[in-house]
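The values are calculated or read from the model by the stated rules, or taken from the named source; none is laboratory data. Source: prediction; values computed, not measured. With ideal geometry, Cβ positions are generated from the backbone for all residues, glycine too; neighbour counts draw on all protein chains shown. Areas reflect the complete protein model, heavy atoms only, side chains present, ligands, DNA and RNA absent. Shrake-Rupley method; radii C 1.70, N 1.55, O 1.52, S 1.80 Å.
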Amino acid sequence: MSAISLQGITKRYPDHVAVDRLDLDVQAGEFMVLVGPSGCGKSTTLRMIAGLEDISEGRLLIGGRDVTHAEPHERDIAMVFQSYALYPHMTVYMNMAFGLLRTSKLSRDEVDQRVQEAARRLQITELLQRRPNELSGGQRQRVAIGRALVRKPKVFLFDEPLSNLDAKLRTHMRGELERLHAELGITIVYVTHDQVEAMTLGTRIAVMDKGHLRQVGAPMDVYRHPANRFVASFIGSPEMNFLPVPDSMASGRAWLSDHYGNAALQPDTVLGLRPEELTLSRMAGASALSWSGVVQRVERLGAEAYAQIRVGNADVLVRTEADASLEIHQPIVLTPALSRLRVFDGPSGALLAAQG
Ligand SMILES: Nc1ncnc2c1ncn2[C@@H]1O[C@H](COP(=O)(O)OP(=O)(O)O)[C@@H](O)[C@H]1O
Ligand SMILES: [Mg+2]
């Protein structure tokens, strides 16, 4: 039985549909990340799971129970927001204990035990008597997580919990969240617009766009086998390249036609290849498919470099060795890892075919 089952969940506002017939099953113990650009409906989806937003259509099950119309407190979930919403006048201890003391039947001792245990896990025991304004951003975030932890819910919901932290702390907190998930075996639904966060944290990721779910899968599966052009360009940094169909038979039209038929030869068909799936050479070799281009820029990052190559009127990014000898304006040939080629329909962005 899945921990959460969203069945045709829709959120309709008077003037538009924010979430459109979303189907998604989250397994118990899973770390599910909802990812997509700003405004695509992630928070609305999470808030419907939490019961903070009415569900216009569809059914929501948590632990097999229909909670479509249940009150938030009947759902056995806890939510951690981007703005931590700590009570400024209360100590860290009381911020964590307050909800339990007020709404649960636990004794003071039991509440104390839970707070102490959560504080130990989150390494904030020394901070229990401080107030929120005496804490750093990362410490406040931990308190917010601690407040959810003490409730021992079935499911944790996180809405962009790390986006107020600086880059270094964000990386650190990602590690902490991973550890908590592994140690406690909890079920998490986590919202972020940051695809790196999604890739690194999720056991599976659900990619949303304009209120629609575009693909669900393990991060590397989605990275390697995107279902459409939207997912292909949203997941991965630097972005996937979208190359035109080569213009001569010798450079690949014949091969494309053989392998993928006429669909791969339409004027607006695009071929998707990631920067690490292309190699550069000075002269055309024996590859069945290649493009000629001109070096525009080389960005050397230390361990590796990215060369920006002009191909027709497209810019293509290719990952190379940091010490590759490349000169600006130099003509160059790009050859793909044929086993990674993806063919997308121009107008719709649908995946027409892919190898591997
Ligand atoms: N209370 C509301 N009334 C009308 N439209 C809303 C409301 N809340 C959110 N929206 C709209 O719903 C869409 C999805 O919003 P949201 O779920 O917050 O996106 P995300 O979290 O992915 O950035 C957006 O177009 C947003 O403007
Ligand atoms: Mg949001």
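If you go through region 87-110, how many residues are under 31 Å from the mean Cα position of the chain (by Cα) and buried (at least 20 other Cβ atoms within 10 Å of the Cβ)? Residues flagged as under 31 Å from the mean Cα position of the chain (by Cα) and buried (at least 20 other Cβ atoms within 10 Å of the Cβ) within region 87-110 amount to 3.
Among the residues in region 332-343, are any part of a loop (DSSP other than H, G, I, E, B), basic (Lys, Arg) and crowded, with 19+ Cβ neighbours inside 10 Å? No, region 332-343 has no match at all.
The conditions of being in contact (Cβ under 8 Å) with a residue 12 or more places away in the chain and open to solvent by less than 20 Å² (accessible area, probe 1.4 Å) are not met by Ala354.
When Cys40 is tested against (1) farther than 22 Å from Asp209 by Cβ; (2) buried (at least 20 other Cβ atoms within 10 Å of the Cβ); (3) out of contact with any Gly (no Cβ under 6 Å at 6 or more places or on another chain), exactly one condition is not met: (1).
Scanning for something closer than 17 Å to Cys40 by Cβ, in contact with a strand residue (DSSP E or B) (Cβ under 8 Å, 6 or more places away or on another chain) and modelled with pLDDT of 95 or more, does region 238-255 turn up at least one residue? Quick ask: steps written out before the conclusion?
Step one: of region 238-255, the residues closer than 17 Å to Cys40 by Cβ are none.
Looking for residues that are closer than 17 Å to Cys40 by Cβ, in contact with a strand residue (DSSP E or B) (Cβ under 8 Å, 6 or more places away or on another chain) and modelled with pLDDT of 95 or more, one finds none in region 238-255, hence no.
Residue under question is Ser136, and the condition is that it be over 30 Å from Ile55 (Cβ atoms), hydroxyl-bearing (Ser, Thr, Tyr) and open to solvent by 50 Å² or more (accessible area, probe 1.4 Å); does it hold? It is true that Ser136 is over 30 Å from Ile55 (Cβ atoms), hydroxyl-bearing (Ser, Thr, Tyr) and open to solvent by 50 Å² or more (accessible area, probe 1.4 Å). For a quick check of your reading of the model, give me the residue pairs whose first member lies in region 177-189 and is farther than 11 Å from Phe156 by Cα, whose second is of a type in the set (D, E, K, R), with beta-carbon atoms closer than 8 Å and at least 6 apart or on different chains. Every condition considered, the pairs that remain are Leu180/Arg121; Glu183/Arg121. Working only within region 335-351, note down all residues that are among the hydrophobic types (A, V, I, L, M, F, W, C) and out of contact with any Gly (no Cβ under 8 Å at 6 or more places or on another chain). Selection gives Ala337, Leu338, Ala350, Leu351. The condition (being assigned by TED's automatic domain parsing to the domain that holds Lys152, in contact with a Lys or Arg (Cβ under 7 Å, 6 or more places away or on another chain) and not hydroxyl-bearing (Ser, Thr, Tyr)) is satisfied by just one residue among Pro37, Pro132, Pro72: Pro132.
One line per residue, one yes/no per condition, for (1) of a type in the set (Phe, Trp, Tyr); (2) in the same structural domain as Tyr223 (by TED's automatic domain parsing); (3) closer than 12 Å to Val343 by Cβ; (4) touching a residue at least 40 places away in the same chain (Cβ under 8 Å):
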{"site": "Val245", "(1), (2), (3), (4)": "no, no, yes, no"}
{"site": "Ser251", "(1), (2), (3), (4)": "no, no, no, yes"}
{"site": "Leu265", "(1), (2), (3), (4)": "no, no, yes, no"}
{"site": "Leu271", "(1), (2), (3), (4)": "no, no, yes, yes"}
{"site": "Leu278", "(1), (2), (3), (4)": "no, no, no, yes"}
{"site": "Val295", "(1), (2), (3), (4)": "no, no, no, no"}
{"site": "Arg300", "(1), (2), (3), (4)": "no, no, no, no"}
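The set of residues from region 197-211 being over 10 Å from Lys42 (Cα atoms) and either open to solvent by 60 Å² or more (accessible area, probe 1.4 Å) or without any contact (Cβ under 8 Å) to a residue 24 or more places away in the chain (or both) comprises Thr200, Thr203, Arg204.
Specify which of the listed residues (Leu34, Leu52) is surrounded by fewer than 17 Cβ atoms within 10 Å (Cβ to Cβ), in contact (Cβ under 8 Å) with a residue 12 or more places away in the chain and touching a helix residue (DSSP H, G or I) at 6+ places or on another chain (Cβ under 8 Å). Residue meeting the stated conditions: Leu52. Just one residue in the set Glu126, Glu183 is away from ligand 2 (no atom under 16 Å from the Cβ), out of contact with any helix residue (DSSP H, G or I) (no Cβ under 6 Å at 6 or more places or on another chain) and either within 14 Å of Val92 (Cβ to Cβ) or at pLDDT 95 or above (or both); that residue is Glu126. Among the residues making up region 257-286, those that are open to solvent by 40 Å² or more (accessible area, probe 1.4 Å) and in a loop (DSSP other than H, G, I, E, B) are Gln266, Pro267, Asp268, Arg282, Met283, Ala284, Gly285, Ala286. Residues satisfying the criterion are present in region 145-168 (criterion: of a type outside the set (S, T, N, Q), away from ligand 2 (no atom under 16 Å from the Cβ), surrounded by fewer than 19 Cβ atoms within 10 Å (Cβ to Cβ) and not in a loop (DSSP other than H, G, I, E, B)).
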